[in-house]
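Below: the structure, in structure tokens.
The values are calculated or read from the model by the stated rules, or taken from the named source; none is laboratory data. Note that the structure is a prediction, hence the values are computed from the model and not measured. Here the Cβ is made from the backbone with ideal geometry for all residues, glycine too, and neighbour counts use every protein chain on show. Ligands, DNA and RNA are excluded from the accessible area calculation, which covers all protein heavy atoms including side chains. Shrake-Rupley method; radii C 1.70, N 1.55, O 1.52, S 1.80 Å.
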Amino acid sequence: MSLINNILYDTVYHSAPLILLVLGGIFAYKANVLNIALEGMMLLGAFSSAYFVLITKSLLWGIIVGVILTLILGLIFSYFSVTLKSNFIITGLGINMFTLALSGFLLQFFSIPNINVSSIVSTANLKIDIPFLKDIPIIAPILSGHTFLTYFSFVCIFLAGVLMFKTKFGTYVRVVGENEEAAKSVGIKSDRIKYLAVLIGAFLCALAGANLSVERTALYTNNMTAGRGFIAIAAIYCGRGMPVKSTLYATVFGLTKSLSINLALNAGPVSGLFETVPYVMMVIVLGVVSAIESRRTKLR
Amino acid sequence: MTKNFKERFLIPAFNTLLPVISALFLGGIIIFAIGDNPFKTYGVMISKSLFTVDGILKTLHFASPLILTGLAIAITFKANVFNMGVEGQMLLGAFFSGVFGFSFDLPPLLHISLCLIVGVITGILFALIPAFLKAFFKVNEMVVTLMLNYAAVEITRYLAQGVFRNPASGDVATYTINSSAMFNKVGKNITAFFLISILVFIFIYILMKKSKLGYEITAIGKNEEFAKASGMRVYRKIIYIMMISGGISGLAGAGWMMSEKYRYTTSFSGNPGIGWDGMLIALLGAHNPVGVLIAAIFYAALKTGSDYINLYTNVPKDIVGVIQGILILFLSIKFINDKTDFLGRMRQRLKSIRGSKGATRI
Amino acid sequence: MKVIKTINLTKKFGDFIANDNINLEIEKGSITAIMGENGAGKTTLMNMFYGLSKPTSGELLINGKKANFKSPQDAIKCGLGMVHQHFKLVPGLTVFENILLGTEITAGPFIDTMKEIKEVSKLITEYKFELNPKDKVSDISIGAKQRVEILKMLYRKVDILIFDEPTAVLTPQEVDELLQSFRELKKQGKTIILITHKLREIMEVSDEVIVIKKGKIVGNVKTSKTNPKELANMMVGRDVVLDVSKREKDFSTSKVLYKVENLKTENDLGKTVVDNISFEIREGEILGVCGVEGNGQSELVKLLTGLMEKTEGKVFLNGEDITGMWPDELRKKGLAFIPEDRYAQGLCRDMSLSDNIIAGYHSGEKYCSFGLLKRKEITKTRDELIDFYDIRISEREGNISSLSGGNAQKVIIAREFDADPKVIIASQPTRGVDIGSIEFIYKKILELREKGKGILLVSSELSEIMSLSDRIIVMYKGKIVGQVDGKTATKEKLGLLMAGVR
């Protein structure tokens, strides 16, 4: 029983940053500027929020500075890919490599192996029990006792859906992606829409990064995002950029991650191999979804 | 003729040099920001890698796997296929050639050849996963290869920690390969692996420039629909391309294992890895084999030089990675378009500014 | 009152003068046709009217005021709207969403869908259009899409409407409906500018005609005081009626060369788009296929050229089953293709002329040995074809992108006809090419007919189908709804079949 509880609790726990990434990525995806830099933006968010928590001695200020820096990175990405009309895949990969190298470079320069902020941030105190919910027997140990950003990520699914389908901005994002000419012909500033779509992504990536480093473990280690950005891209592909559908695929990753960690504890020598399961799982999911989608197509 | 010259040489040269200079400039600012002298840092890097015979040989030695990973990515980029899994294919190729290297004792030439073949085959097999997924189910190869890289890292780590671990070693590492599987150093730094890389380069050059497959790769990359309508079995070709790319990547790993590292550790590929360097090199070389060769040597010089900067400055050697990231960023845009020339555009812009001023005056 | 007046309006692209000192006046509440050949400069002129490009010199006056439009939005604000030939619609959105795009009605932060639908319904009844505001644009017919475009402009309160080749994609009956709408709009006081090269529409609906040739106005007459022949002469400087005299043939004894039996396929959504198509082509016969765009012709061509898979049916060449073969295999069997979209399937813009000339035949012994290309042989063939087919190219090593539309099409013709095929599947062979090239292409097609080749001609130009084909089949919703003899076909007869009326 407790194993299942753990697995489900961890699913929520591991899904949260993925959900933020996915929601951050769907707007850019819908606006036709696939943001492959989610990984780098998340890494910068994780690194800078941890570092500035250390500097400012304040969790809130650390995260705020982290968000601002990631937004600047988002601006760079959109300047290159929208204004300069770059090959945005390459731009995104460049950003990923740049942030990874820069964070490693700075760790080397500061001569520290990682950024430990456990003296400032108490992860235990960040876990919030939700009133009423925490008293319901089976659900409580799974859904309650998470951090603020974890709850926030689930709220964001709803917010993103409303933003995407009920507002002008969301409509314009979809229009720009579907037929940019049409958007321009009625005076929609398509470049501005794309910038905003990328910046929403940068903002949520920063939060995902902060969740991963400071909020959960109070520790930043080198390259700790470990490809989550790419997994988010895969989830977005599978869900075709629809908020709910894409986040569902993100939770599939959360579940496999949680399974691999919880089961590895009892797996003995092969436990190391469980690390590969989430990635392989996403490849399989991507394959199955694409296979179903292309099943009908008669075009060669 | 002059137009041709400009289109074929001047514009590409400019499009390559401008990003390099800009990236080195920004890297210089970062070096300056952490309180060091950028000129001194770059000076050390260049002088140690290019101004001495030893340095040049070492550069060429470093360039050997980079030429290969660069070509491996360039050939897929040319076909508009994004094999981002060169790093993973390289790692697995290295790992299993290493396993073959320490598990058997054979005559040197045979052993070396077999080890290289193991590396190539491993690379091909691993590249076939995204290739088949793409060909049969139209799965985006970029996302798959990006994720399989992580899987490759985890698999090799697991194997190096477990089955193939050398208990005598302090950190996670496999056994050292037998000397019969090692490339002998010619002089201090260079090995026959460099020669193999050059042979592969020549092969790819002919393939891309003279062969039917090269023509088809270009057509697929420039206009897939046209390629299909012209009777090319695009998905079959993509499988071939991925196999070539994976094979070369595996070879890069195997060669690097047998000429430099001799055993597999978790830091085998360095940071950023040889496969990722390949992406930069392919972009810098504009997907062109000759360009890739030059870019690989240039980048190897930077990397070789970076080993020394710690001795003379306080700049961490990861500065090369930072510059690399910035450089890729700049290479993603075209400073000068093939069609519109830079000077012409500037002139046009000046004219329009003048023109609009004139208009307001009236 | 003059709603539009231009004074020496000129547009240059580098050294090329696209519009040369255009002086014209357009009366309020009138319908003015602007006619001219492809590339005569009509579109450039309209782009200046609509703020899509800026004049090099000269003035444009709208309602007596000098206009300096920076974008279409400025033009729309001034009461001038345009309905493009290629619709600027978002297929994933509904009719009302498209009409209100950019000017959504909101309630707080959200879009007020109910109010939007009400507004659009009101507009639809006001102008007597047939539309359902809640339909998805991807599901409605081409004629309906055009009505959405018109309403988009009317909602923005424009009173000058420019139509760019509005009838190019419509059935004859839909054209009549559109012309009726023009009269309705005129009655409501709107001014209409109609860009076209179709004489019938001009004669039927316009008040005044302005003829443009090579960037200059060569004629400006009241419609009531002219006739089609005079207009045609003004437009091309000679008689436009293309000479397609072909020898009468009796096919009853000719051998069947190409045969299609019960061919069927479906699109990604599982909808049957090619439904039970059967026909045969005899030696020396041209079989025309016509229909409103989007009724399965494209898919049929894709099936026959090996780019799409069938769900049912068979294809035979000379009695041999060639069903499901890939394009390379089909070419080897002796088929040749002129694809629908020249720059998508036919040619690669960014590759050289040589590379395009070998495309599809590059695996053959002529151009390839031991996996390497025979560059010398290729260059030789290229030069021969350039001369033989009179392809005008400034630099022989240059890319296809430097060729005009007509010359690019000649490259395809040269490549495909040079292979001496048995059957040619030609889709829209003259789309967007100049009159000279059209004549050339017709001549070549008829030459092949004389040589006893089988030709499948798919085209949306009814006059082309009617003058070239020996037999015509009409497609509607993926099915063949009728077959007409080439000699007795009329526009009205085909038009009814194209609309699905048997």
Listed residues C:His84, B:His111, B:His287 arranged by accessible area, highest first, probe 1.4 Å: B:His287, C:His84, B:His111
Probe 1.4 Å, accessible area per residue of chain C, Å²: 43 Å²
Paired Rg and Dmax values of the protein assembly as shown, which use every Cα atom, in angstrom: 33.0, 104
Leading residue at positive end of dipole, the range C:256-498 (Cβ point charges), from C:Ile412, C:Leu307, C:Gly454: C:Gly454
Amide hydrogen neighbours beyond the local backbone of C:Leu372, cut-off 5 Å, H modeled: B:Lys212
Cβ neighbours within 10 Å from other chains - mean over A:236-243: 1
Counted charge near C:Ile99, where neighbours are those whose Cβ lies closer than 11 Å (Asp, Glu -1; Lys, Arg +1): -2
Charge dipole of the range C:2-236 about the Cα centre (unit charges at C-beta), most positive-ward option of C:Gly51, C:Leu151, C:Thr125: C:Gly51
Helix-only mean residue ellipticity at 222 nm for chain A, each DSSP H run of n ≥ 4 adding -39500 (n - 2.57), per residue, nearest 500: -23000 deg cm²/dmol
The range C:266-325 and the range B:221-272: distance between their alpha carbon centers, rounded to Å: 39 Å
Portion, in percent, of the accessible area of the range A:2-226 that falls on carbon or sulfur, probe 1.4 Å: 69 percent
Calculated Rg and Dmax of the range A:2-226 using C-alpha coordinates, Å: 18.6, 59
Apportionment of accessible area to carbon and sulfur, chain C, percent (1.4 Å): 49 percent
Which of A:Ala46, A:Gly161, A:Val82, positive extreme of dipole for the range A:16-164 (C-beta unit charges): A:Val82
Phi to ³J(HN,Hα) by Karplus 6.51 cos²θ - 1.76 cosθ + 1.60 over the range A:286-293, Hz, x for Gly, Pro: 4, x, 5, 4, 5, 4, 5, 5
Dipole moment magnitude, nearest 20 debye, the protein assembly as shown about Cα centre, only Lys, Arg, Asp, Glu C-beta charged: 1960 debye
Inter-chain Cβ neighbour average for residues B:135-141, partner chain, 10 Å: 5
Other-chain or far-sequence residues with amide H under 5 Å of C:Leu24's (modelled H): C:Thr6
Per-residue average of Cβ from other chains inside 10 Å of C:69-77: 2
Amide H contacts of C:Gly288 (H built 1.01 Å from N, under 5 Å, at least 5 apart or other chain): C:Leu457, C:Asp470, C:Arg471, C:Ile472, C:Ile473
Accessible area buried, both sides summed, chains B and A with 1.4 Å probe, Å²: 3800 Å²
Cα pair distances in chain C, grouped into 10 Å bins until the bin that holds the longest one, percent each: 4, 17, 25, 25, 19, 9, 2, 0
Calculated from backbone phi, Karplus (6.51, -1.76, 1.60) coupling profile of the range A:163-174 in Hz, x at Gly/Pro: 4, 6, 10, 10, 10, 4, 4, x, 4, 5, 4, 5
FRET efficiency, 1/(1 + (r/R0)^6) with R0 60 Å, evaluated for B:Val290 and A:Asn266 via beta carbons: 0.60
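Highest first, please rank the peptides C:432-445, C:191-204 by the mean number of other Cβ atoms sitting within 10 Å of their residues.
Peptide ranking by packing, descending: C:191-204, C:432-445.
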Value of Rg/Rh across the range C:2-236 [Cα atoms, Kirkwood radius]: 0.98
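Carbon and sulfur: what percent of chain B's accessible surface (1.4 Å probe)?
In chain B, the share of accessible area belonging to carbon and sulfur is 66 percent.
Once you keep just the Cα pairs under 8 angstrom separated by 6 or more residues, what percentage relative contact order results for the range B:1-144?
Working: 72 pairs, mean separation 22.1, N = 144.
RCO, the range B:1-144: 15 percent.
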Nitroxide proxy distance, nm - points 7 Å out along Cα→Cβ at B:Leu24 and C:Thr253: 8.3 nm
In the B-C interface, the accessible area buried, summed over both sides, Å² (probe 1.4 Å): 2000 Å²
C:Ser141/B:Ala192 FRET efficiency (R0 56 Å; Cβ-Cβ; nearest 0.05): 0.20
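Could you do me a favour and compute the accessible area per residue for the range B:209-318, 1.4 Å probe, result in Å²?
30 Å²
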A/C buried area, accessible surface, summed, 1.4 Å probe, Å²: 2300 Å²
Integer Hz, Karplus 6.51/-1.76/1.60 couplings in order for the range C:448-462, x for Gly and Pro: 5, 4, 4, 6, x, 7, x, 10, 9, 10, 9, 8, 9, 8, 4
More than 15 Å apart - percent of Cα-Cα pairs taken over the range C:372-450: 58 percent
For the range B:21-165, alpha-carbon Rg over 2.2 N^0.38 Å: 1.35
Mean Cβ neighbour count within 10 Å, used as a protection proxy, ranking A:154-160, B:241-247, C:393-399 highest first: B:241-247, A:154-160, C:393-399
Delta accessible area of at least 30 Å² on complex formation, residues of the range A:82-99, 1.4 Å probe, chain isolated as reference: A:Ile89, A:Ile90, A:Leu93, A:Gly94, A:Met97, A:Phe98
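Suppose R0 equals 22 Å. What FRET efficiency, 1/(1 + (r/R0)^6) with r the Cβ-Cβ distance, do C:Asp418 and C:Glu280 give to the nearest 0.05?
Taking R0 as 22 Å, the efficiency between C:Asp418 and C:Glu280 is 0.25.
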Debye-sum result for the range C:256-498 in log10 I(q)/I(0), which assumes one identical scatterer on each alpha carbon, at q = 0.08, 0.10, 0.13, 0.14 Å⁻¹: -0.30, -0.47, -0.80, -0.92
Largest to smallest principal axis extent of the C-alpha atoms in the range B:53-314, angstrom: 59, 41, 41
Angle between chain B longest axis and helix B:319-331 axis [Cα atoms, degrees, rounded to 10]: 50 degrees
Order by protection proxy (mean Cβ within 10 Å, highest first), peptides B:24-34, B:161-171, C:245-255: B:24-34, B:161-171, C:245-255
